[in-house]
Amino acid sequence: MTAHHLVARRFISDHAKSLIDNAVKQNALVVFMKGTPDEPMCGFSRAVIQILQMHGVDEITGVDCLQDPEVREGIKEYTDWPTIPQVYVKGEFIGGCDVMVQMHQSGELHELLVKEKLLDEETNPEPEK
Amino acid sequence: MSSQSLRVAGPIEKLIEERISKELVPTSLKIINESHMHRHHAPMQGVESTETHFRVKVVSENSAGKSMIKRHRLIYGLLANEMKAENGIHALALETKTPAEAEKTQTKQ
């Protein structure tokens, strides 16, 4: 392996940082993923979308990280988290697929979505696990 | 489950085991290579390695008092270089429990 393969990108580009910043700040919920909420391109991204939909979140804002390699690497630096998908709620990083699955099972996800008014509790009771 | 004859752990799998064992001194550690499940996905086109996707289930007292994200960050930190490298680890699915949490899940079933 030549030296240049080992050097990780250390500085997120301005373009990527502002794109990510805006997405995180302007949306109550945003999923940095592979593919789109309608057409996820990886099993982990699909799982996150399905869980959110199961909980009653109909409109999911997604950022397709496959479209821009700067965003794909940028989000990993921005969050200091090495994998995609990444879920942000009200500007805060919630976790990736594993965390979403476990929060779904523990009931924490339903609580969070209700608390942040991302779903109407009356029409969306906690789904079966 | 596909039929597989004796499976030998590759270098990356061995590395994962070594580092997690050393840092977390787990009571239980299972590493599953799921690379074959992702081989045909679009993002994996052109990638040669057979050690790209792993699922790790670890039970360790070290996880006590840590939020899930903190537990995961710790493990990701142990493998940071391998996850950044071009031909390295693309995905690491983690399940982190304390011995008490693991027992609770068992008795539920």
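The values are calculated or read from the model by the stated rules, or taken from the named source; none is laboratory data. Because the structure is predicted, anything quoted here is derived from the model rather than measured. A quick note on method: Cβ atoms are made from the backbone with ideal geometry, for glycine too, and the neighbour counts reach across all protein chains shown. Just the protein is used for accessible areas: all its heavy atoms, side chains included, with ligands, DNA and RNA removed. Shrake-Rupley method; radii C 1.70, N 1.55, O 1.52, S 1.80 Å.
Checked against (1) modelled with pLDDT under 95; (2) small (Gly, Ala, Ser); (3) surrounded by fewer than 16 Cβ atoms within 10 Å (Cβ to Cβ), B:Ser35 passes all but a single condition, namely (3). Could you please let me know if B:Ser67 is over 19 Å from A:Asp80 (Cβ atoms) and polar (S, T, N, Q)? Considered against the rule, which asks whether it is over 19 Å from A:Asp80 (Cβ atoms) and polar (S, T, N, Q), B:Ser67 comes out as no.
Of the residues making up the stretch B:43-76, those that are at the interface with chain A (Cβ under 10 Å from one of its Cβ atoms), at pLDDT 90 or above and open to solvent by 50 Å² or more (accessible area, probe 1.4 Å) number 2. Considering the stretch A:39-66, and only residues there that are assigned to a loop (DSSP other than H, G, I, E, B) and within 12 Å of chain B (Cβ to nearest Cβ), the residue that is surrounded by the most Cβ atoms within 10 Å (Cβ to Cβ) turns out to be A:Cys65. For the stretch A:64-94, residues that are over 23 Å from A:Asp38 (Cα atoms) and polar (S, T, N, Q) total 1. For the stretch B:77-102, the set of residues classified as over 13 Å from the mean Cα position of the chain (by Cα) and open to solvent by 50 Å² or more (accessible area, probe 1.4 Å) consists of B:Asn81, B:Lys84, B:Glu86, B:Asn87, B:Ala100, B:Glu101, listed by residue number.
Taken over the stretch A:78-115, the criterion of being in a loop (DSSP other than H, G, I, E, B) and under 16 Å from the mean Cα position of the chain (by Cα) is satisfied by A:Asp80, A:Trp81, A:Pro82, A:Thr83, A:Ile84, A:Pro85, A:Lys90, A:Gly91, A:Gly96.
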